[in-house]
Amino acid sequence: MVNGCLKADELMEITGYDRVGDLCKSFDAQGIRYHRGKGGKPWTTIDLINAAAGLASANGEPETTLGPDDV
C-alpha cells in the first residue's frame, strides 16, 4: 500500500478473489468506488472503502455525528 492506495494484487489477496472481474463486481455490489490503472487493473483507497462502509465520506470527514439521543 502506498499513500493509502491499494493495488489490484493487494486487493485480490485481501478479498480472496482470483479474477479482476470478480473483484470489480464485488466492489460494484458494495458501492466501493475504484479506478482502473494500466491494463484495466483496479485500485482504490482506504478512504473510498471506508466511505462505502459509512465510516467516513470520500473526503475523510465523518458522514454523521451521533449524539446520546441517537442511540
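Key figures
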quantity	calculated
Leading residue by the ranking (nearest to Ala53 (Cα to Cα)) among those in region 1-42 that are touching a strand residue (DSSP E or B) at 6+ places or on another chain (Cβ under 9 Å) and of a type in the set (Phe, Trp, Tyr)	Phe27
Cross-chain or 6+ apart pairs with Cβ under 6 Å, region 35-48 first and free of Cβ contacts under 8 Å to residues at least 12 places away in the same chain and part of a strand (DSSP E or B), then of a type in the set (S, T, N, Q) and surrounded by fewer than 17 Cβ atoms within 10 Å (Cβ to Cβ)	none
Residue list for region 1-34, filter: among the small types (Gly, Ala, Ser) and part of a helix (DSSP H, G or I)	Ala8, Gly21, Ser26, Ala29
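For every residue, the table says whether it meets (1) surrounded by fewer than 11 Cβ atoms within 10 Å (Cβ to Cβ); (2) touching a Gly at 6+ places or on another chain (Cβ under 6 Å); (3) modelled with pLDDT under 95.
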residue	(1), (2), (3)
Phe27	no, no, no
Arg33	no, no, no
Lys41	no, no, yes
Asp47	no, yes, yes
Ala58	no, no, yes
Glu61	yes, no, yes
Gly67	yes, no, yes
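The values are calculated or read from the model by the stated rules, or taken from the named source; none is laboratory data. The structure presented is a predicted model; accordingly, all values stated were derived computationally and were not measured. Don't worry about glycine lacking a Cβ; one is built from the backbone with ideal geometry, like all the others, and counts go over all protein chains shown.
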